[in-house]
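Asks: Take this structure, written in structure tokens, and hold onto it; I'll ask about it next.
The numbers here are math on the coordinates, done by the rules we state, and not lab data. Small disclaimer: the values here were computed from a predicted structure and weren't measured. Cβ atoms come from the backbone with ideal geometry, glycine included; neighbour counts cover every protein chain shown.
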């Protein structure tokens with residue numbers, strides 16, 4: 001039997017390409033032998049040769065995994081197959097609903113208005129007077145002729161808005177709210193064009209008042225600086241109220257368009273301090 005020459009120049013990194021060459025080499029060396037047992041030794045000889053050279057007959061070695069790398073999530077499918085792991089689940093592209101930015105507007109910043117509340121007579125456009133402040137919750141508000149020590153009101157509306165309804169107007173000195181108070185306690189007032197339907201303008205501490213009232217009654221127009229009181233009926237209808245000043249400065253709010261002969265009809269206006 002001729003000697004078998006080992007090709008010790010084969011590197012482990014090229015094992016997959018050298019296997020056919022080694023098989024061919026061994027076959028040529030053994031072709032002159034007719035003994036079948038010798039032919040059966042060919043696979044064993046190949047294994048011994050590769051074992052002596054120090055490399056495996058596997059074409060692809062399993063990838064090394066770092067200590068901080070999780071094989072379940074950080075590997076590619078090829079690497080997972082080499083480790084005997086199942087493939088990663090299929091990736092589903094996000095729908096437009098998932099990737100689109102959320103719609104919806106953020107609340108606008110508020111601007112605070114602080115002013116005297118003048119009562120301007122509608123018949124001649126002259127300021128009749130201002131609101132006299134009170135210190136007792138529930139008290140009726142009346143007219144005073146001078147701006148000195150008059151009630152200073154404050155309210156907030158969103159910046160950039162030209163008109164806003166449903167406003168609370170506060171007395172800056174007491175923190176009370178300027179409300180429309182029903183003359184029928186506990187029963188919700190229904191406003192109509194009748195002169196018999198009215199509420200009084202009062203100053204209330206909302207935390208302690210028990211009689212029926214509506215507090216967020218004010219609508220403000222930025223351009224004209226007009227404050228208009230409103231009333232919401234039980235059916236949801238919004239009624240613009242007119243202000244009448246009686247003798248002695250008593251202020252009454254009504255839904256009627258008719259002006260009695262013994263009163264002066266006014267509108268509320270926010271004027272500078």
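Asks: In whole Å, what are the Cα extents of segment 110-271 along the three principal axes, biggest one first?
Replies: The principal-axis extents, from largest down, are 35, 34, 32 Å.
Asks: Please state the shape class of segment 115-206: rounded when a/c is under 1.5, otherwise prolate if a/b exceeds b/c and oblate if not, all from the C-alpha gyration tensor. Can you show the working numbers first?
Replies: Working: a/c = 1.23, a/b = 1.20, b/c = 1.03.
In terms of gyration-tensor shape, rounded.
Asks: List the relative contact order of segment 110-271 as a percent without decimals, with contacts defined as Cα pairs under 8 Å and 6+ residues apart.
Replies: Numbers: 400 pairs, mean separation 40.8, N = 162.
Reported relative contact order: 25 percent.
Asks: So how do 254, 154 line up by other beta-carbon neighbours within 10 Å, fewest first? All intermediate terms of the calculation are to be shown ahead of the outcome.
Replies: Working: 254 25, 154 15.
Least crowded to most crowded, the residues run 154, 254.
Asks: Contour minus end-to-end for residue 162 and residue 225, with contour as 0.36 nm per residue of separation and end-to-end as the Cα-Cα distance? Write out the running numbers ahead of the final one.
Replies: Details: separation 63, 0.36 × 63 = 22.68 nm, distance 1.01 nm.
Net length gain for the segment: 21.7 nm.
Asks: Give me 123, 192, 203, 137 ranked fewest to most by other Cβ atoms within 10 Å of their Cβ, as a rough exposure proxy. Write down the numbers at each step before the final one.
Replies: Values: 123 10, 192 13, 203 26, 137 17.
With the fewest neighbours first, 123, 192, 203, 137 line up as 123, 192, 137, 203.
Asks: Can you put 235, 244, 205 in order, fewest other beta carbons within 10 Å first? Write down the numbers at each step before the final one.
Replies: On the way: 235 6, 244 20, 205 13.
Fewest to most other Cβ atoms nearby, the residues stand as 235, 205, 244.
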